Amino acid sequence: MTNESALNANWHDVPLIHRNGVILGYRLLLQREDGGPVVWNVTVGPDVRWYMFTNLNSFQIYSTQILAF
């Protein structure tokens, strides 16, 4: 966590054994833990390995998903 209203997410390359071809990018989803709507839905390029989610609510629990495509 960066501060009370921002979150820095980072990830590693998908291992070669788990790839189903060339990685074209990553889709990042940030959702409230209580099942609320998706707050962020971002697509980044294949060379990006981190993203800063900003303007988050303090004391709110979020879940993230990072999907390679």
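Tabulated data for the structure shown
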{"item": "Low-density loop cleavage sites - trypsin sites (Lys or Arg not before Pro) in segment 1-39, where at most 15 other Cβ are within 10 Å (DSSP)", "result": "Arg19"}
{"item": "Surface accessible to a 1.4 Å probe, per residue, for the residues of the chain, Å²", "result": "73 Å²"}
{"item": "Of Leu30, Leu16, Leu56, the one that fluctuates the most in a GNM where the chain has Cα springs shorter than 10 Å", "result": "Leu16"}
{"item": "Cα-based radius of gyration of the chain once divided by 2.2 N^0.38 Å, which approximates compact folds", "result": "1.20"}
{"item": "Carbon plus sulfur fraction of accessible area for the chain, probe 1.4 Å, in percent", "result": "54 percent"}
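The values are calculated or read from the model by the stated rules, or taken from the named source; none is laboratory data. What you see is a predicted model; the values in this text were computed from it and never measured. Heads up, the Cβs are rebuilt from the backbone with ideal geometry, glycines too, and the neighbour counts pull from every protein chain shown. For accessibility, only protein heavy atoms count, side chains too; no ligands or nucleic acids. Shrake-Rupley method; radii C 1.70, N 1.55, O 1.52, S 1.80 Å.
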